[in-house]
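Accompanying notes for the structure given below.
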Amino acid sequence: MRRKLVITAGLAVTMVSAGIGIASAAEAAVPTVNCPQVTVNVNVPAQAQAEVDNNLRLLDQQINEANNRIAATVGQGGAGFIQNAILGPLKDKRFAAINRIETAISRNAARPDLKAETLATCTLNENGAAPVVTTPAAAEPGNNLGILTNTCDTSNLAPHDGFQIGNRCVSTEFGEVGAAANNSTLLITRAPGQVRRNQPFTLQVSTRNLIRDRFLAAGQGGYYVESSVLQNGLVRGHFHTACRILDSQNQAPAPEPVPAFFVATEDNKGGAQADTVSIQVPGLAQAGTFQCSAWAGDGSHRIPMMERANQTPALDSVRVRVR
């Protein structure tokens, strides 16, 4: 079922039961943001209705938060403070929210063009228009489980830009998850127990329910930027293989060192049936115990999602002794 909506978000007015609220003289001295209206005037599929409504409410909430921050930081930061610290981030948040509305609709209908680039930019009311927008209360997300957040709009971190940099907030939606019988699995089927230093060896890796045809280069800004996409119910992606030395076998290793060996496999093969790929390791120079691992990734390098929480993700590890 679909219904035609004409919904707007972003009006900088205060609606109260008695009519339209008027800003006081004191409030008028404080600048407020002036954002274009976001209007959804297309048929919204029933499946997308809740997500569209939530993002429209979020657009109004973003205006409220920006105005509150302006009021709380009057006189701070110099001439460019409001533009750099408030209007700039607000533009990014509005663009993301409008894009999420378009994406939600596009899952079951043609993708609308809501002019996100144009409508994301807000200006400043130097004379201080009424700063608060009142919207209906939204249903609590996360099935009332008390989730911490489900959006980067509540984060103080900079937006993730597709490059391999931490302390960022990733706003990319998770995307599509397949049925349990179609979820990806992976197994290292053959590996040597021991090799000499610099001796080449082979790891054999088997994957199932993984179409190995999608790999966005992380070094070129393709990291965490694409939602998971299914083809005939199967994840499109690739798998990684890496070997790292273990300083101890009694505690978890440090996460940041670069592995001694790493390769991504996107060979335009794979599918619903299990097949096996031979990974050639050119040799490991350092003596010690190595953890050699393989794990599946979607197009943007995340381990594919599973239908249930008690399914084992598509990853495996073995120990290889280098002497």
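Every number in this text was worked out from the coordinates using simple rules, so none of it is lab data. As the structure is a prediction and not an experimental result, all values here were calculated from the model. Please note: Cβ atoms are built from the backbone with ideal geometry, for glycine as well, and neighbour counts cover all protein chains shown.
3J(HN,Hα) along the stretch 101-115, derived from phi through the Karplus expression 6.51 cos²θ - 1.76 cosθ + 1.60 where θ = phi - 60°, amounts to 5, 4, 5, 4, 5, 5, 5, 10, 7, 5, 6, x, 10, 8, 6 Hz, with x in place of Gly and Pro.
The stretch between Arg107 and Arg69 holds 10.2 nm of extra length on full extension. This uses 0.36 nm per residue minus the Cα-Cα distance.
May I ask you to derive the FRET efficiency for Asn268 and Glu307 from their Cβ-Cβ distance with R0 = 25 Å, giving the value to the nearest 0.05? Write out the running numbers ahead of the final one.
Working: r = 26 Å, r/R0 = 1.04.
About 0.45, to the nearest 0.05.
Once backbone amide H atoms are built at 1.01 Å from N, Gly270 has Arg212 as its partners under 5 Å, excluding neighbours fewer than 5 places away on the same chain.
Apply the Debye scattering formula to the chain, with a single equal point scatterer on each alpha-carbon and no solvent, then give log10 I(q)/I(0) at q = 0.14 Å⁻¹. So the normalised log intensities are -1.11. Per-residue extension of 0.36 nm, minus the Cα-Cα distance of Ile165 and Asn143, leaves a gain of 4.7 nm for this segment.
Determine the gain in length on full extension of the stretch Leu187-Thr39; use 0.36 nm per residue of separation and subtract their C-alpha separation, reporting nm with one decimal.
On the way: separation 148, 0.36 × 148 = 53.28 nm, distance 4.92 nm.
That works out to 48.4 nm of additional length.
Here's the picture: charge each Lys and Arg Cβ at +1 and each Asp and Glu Cβ at -1 in the stretch 154-225, and of Gln199, Cys169, Pro159 the one pushed furthest to the positive end of that dipole is Gln199. When you filter the trypsin sites (Lys or Arg not before Pro) in the stretch 174-267 for DSSP loop state and at most 15 other Cβ atoms inside 10 Å of their Cβ, you are left with Arg196, Arg197. Within the chain, which is the longest segment containing none of the chymotrypsin sites (Phe, Trp or Tyr not before Pro) that sit in a DSSP loop and have at most 15 other Cβ atoms within 10 Å? Of all site-free stretches, the longest is 1-162. In this Cβ point-charge picture (+1 for Lys and Arg, -1 for Asp and Glu), the chain has a dipole of about 1020 debye about its Cα centre. Shown in residue order for the stretch 61-67 are the 3J(HN,Hα) couplings computed by the Karplus curve 6.51 cos²θ - 1.76 cosθ + 1.60 at θ = phi - 60°: 4, 4, 5, 4, 5, 5, 5 Hz (x for Gly and Pro).
Annotation: amide H of Asn34 within the under-5 Å range of Thr123, Leu124, Asn125, sequence separation 5 or more or interchain, hydrogens built in the peptide plane. Per-residue Karplus couplings for the stretch 256-270, computed as 6.51 cos²θ - 1.76 cosθ + 1.60 with θ equal to phi - 60°, are listed in order as 8, x, 6, x, 5, 9, 7, 8, 10, 10, 10, 10, 6, 10, x Hz, Gly and Pro entered as x.
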